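Participant: Dumping the structure here so I can ask a few things about it.
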Amino acid sequence: MDYEAFFTKQLDGLRREGRYRVFADLEREAGAFPRAKHVKAVGDAPVTVWCSNDYLGMGQHPAVLAAMHEALDRCGAGAGGTRNISGTNHYHVQLEAELASLHATEASLLFTSGYVANEATLITLASRLPGCVVLSDALNHASMIAGIRYSGAERHIFAHNSPEDLDRNLAALDPELPKLVAFESVYSMDGDIAPIAELCDVAEAHGAMTYLDEVHAVGLYGPGGAGVAAREGLGHRLTVIEGTLAKGFGVVGGYIAGSAALCDFVRSFAAGFIFTSALPPAVAAGALASIRHLRASDTERAQHQERVATLRRRLNAIGLPHIDNPSHIVPVMVGDPVLCKQISDRLLDQYSIYVQPINYPTVPRGTERLRITPSPLHTDADIEHLVSALSAIWTDLRVAKAA
């Protein structure tokens, strides 16, 4: 077999479909978020970033940077290995205690990313509980889907955000079997929010555990940024809460929070934890500082929500189609992969605005979009520049506007 020819043919197919991904070479400017430098062969250019998952700009907050500098000087660059051999640092211990306190759980467990946290935890729980059946929301993240699939457990997909369909699926199962219901709080592409209470009602009625991914909610919602479940007073009803340190908290890493026995069980049996080098101490220190700051300050969350509302009003005023949802995610709908890429390229090349196109398989074909994420640090001028650029491009390319 001509392997190189195979690789090239597959990549050519992505290009023909308009789904080939091109990364913009950016250099974030510390202290100037959402500004960045677009590094190009013919000369660098400033850009404004409108699609960052560093939702609150905490990745450049002075308290976070200071904590990371201090930890780097004190502990060096790496953790020294896996947590099981030589990589547990006191910053890890402090961070896990802080996360457990944030979510009002007995314990928490750190992972190297939110993806790894989902995959490793779901594999471990679903494969080791004898006869476990997993019920998964139809729009769950790829990391959750992978963990469930790789566990080898029986799985059923219930209709998105539908307690009624979940109930039908659970009612058809042997009531004696272990069951795990997995879903998210904020769904990252459409920005809708799960009916957590109703899903918990159904799960509890059938004796099922609940697994909630709060990746796009922690830091942003609830008391101290504890997430949507905490905002709704439901944290105690979840068996597992999974989150990330890379979005609202602005650093990198993932975690689960739950009972001491559950976290210890995952710590002791999850290959994705056991055999992976630990987070660098400086990263853990930065995350710890970010969480502590956001637990004490509502300023960033209030400003964030105001910016989101302002952008939505301006998009409505010019008739640009975007999904109306109760979260901070603003999906501007295009519906064509080639057109979506053209819009993204024009924003970058002509207006110095960086928004990556979102295409299949991240979203279903025909629902391609620009996923815009305002931050507390985007100014009124930034919003007007973005809206004006989108309006001009929509007119020039004759893209359909909202009905």
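The values are calculated or read from the model by the stated rules, or taken from the named source; none is laboratory data. These numbers come from a predicted model, not from an experiment. Note that each Cβ is placed from the backbone with ideal geometry, even for glycine, and that neighbours are counted across all protein chains shown. Accessible surface areas use protein heavy atoms only, side chains included; no ligands, DNA or RNA. Shrake-Rupley method; radii C 1.70, N 1.55, O 1.52, S 1.80 Å.
Participant: Given the whole protein assembly as supplied and a 1.4 Å probe, what does the accessible area of residue 173 come to in Å², nearest 10?
Facilitator: 20
Participant: Given a Förster distance of 56 angstrom, what is the FRET efficiency for residue 174 paired with residue 309, based on the Cβ-Cβ distance and rounded to 0.05?
Facilitator: 0.75
Participant: Where does each of 247, 179 land when they are ordered by accessible area, with a 1.4 Å probe and the largest first?
Facilitator: 247, 179
Participant: What net charge do the residues around residue 20 carry, taking every other residue with its C-beta under 12 Å from that of residue 20, with Lys and Arg at +1 and Asp and Glu at -1?
Facilitator: Counting the neighbours of residue 20, the net charge comes to +3.
Participant: Still on this model: In degrees between 0 and 90, to the nearest 10, how far off the longest principal axis of the chain does helix 281-296 point, with axes built from Cα atoms?
Facilitator: With rounding to tens, the tilt is 80 degrees.
Participant: If I fit a long axis through the Cα atoms of helix 260-269 and take the longest principal axis of the Cα atoms of the chain, what angle between them do I get, 0 to 90°, rounded to 10?
Facilitator: 80
Participant: Say a paramagnetic label sat at a point 7 Å from the Cα of residue 345, along Cα to Cβ; which residues of the range 377-401 have their backbone N under 14 Å from it?
Facilitator: 397, by backbone N distance to the label point.
Participant: Would you mind getting the Kirkwood hydrodynamic radius of the range 228-288 from its Cα pairs, rounded to one decimal in Å?
Facilitator: 13.1
Participant: Quick one: ranking 263, 75 by accessible area, 1.4 Å probe, largest first, what do you get?
Facilitator: I get 75, 263, largest accessible area first.
Participant: Return the carbon/sulfur percentage of the accessible area of the range 1-63, one whole number, probe 1.4 Å, all protein chains in place.
Facilitator: 56
Participant: Select from 308, 258, 283 the residue farthest towards the positive end of the dipole of the range 255-313; place +1 on Cβ of Lys and Arg, -1 on Cβ of Asp and Glu, and compute about the Cα centre.
Facilitator: In the range 255-313, that residue is 308.
Participant: Counting only C-alpha contacts under 8 Å and six or more residues apart, can you give the relative contact order of the chain as a whole percent?
Facilitator: 21
Participant: Expressed as an acute angle from 0 to 90° and rounded to the nearest 10, what is the orientation of the C-alpha long axis of helix 3-17 relative to the principal long axis of the chain?
Facilitator: That helix lies at roughly 60 degrees to the long axis.
Participant: Which percent of the accessible area of the range 248-319 is formed by carbon and sulfur heavy atoms (probe 1.4 angstrom)?
Facilitator: Roughly 59 percent, rounded to a whole number.
Participant: So, one more: So how exposed is residue 156, as accessible area in Å² (1.4 Å probe, rounded to 10)?
Facilitator: Number for this one is 50 Å².
Participant: So, one more: Give the carbon-plus-sulfur fraction of the accessible surface of the range 160-202 in %, rounded to a whole number; probe 1.4 Å, heavy atoms of protein chains only.
Facilitator: That share works out to 49 percent.
Participant: Please work out how much length the chain gains when fully extended from residue 150 to residue 65, using 0.36 nm per residue of separation minus the C-alpha to C-alpha distance, in nm with one decimal.
Facilitator: Additional length available on full extension: 26.9 nm.
Participant: Is there a pair in 37/401; 341/401; 9/40 whose C-alpha atoms are over 26 Å apart, and which pairs would that be?
Facilitator: Beyond 26 Å: 37/401; 9/40.
Participant: Tell me the per residue accessible area of the chain using a 1.4 Å probe; a whole number in Å² is fine.
Facilitator: Normalised by residue count, the accessible surface of the chain is 43 Å².
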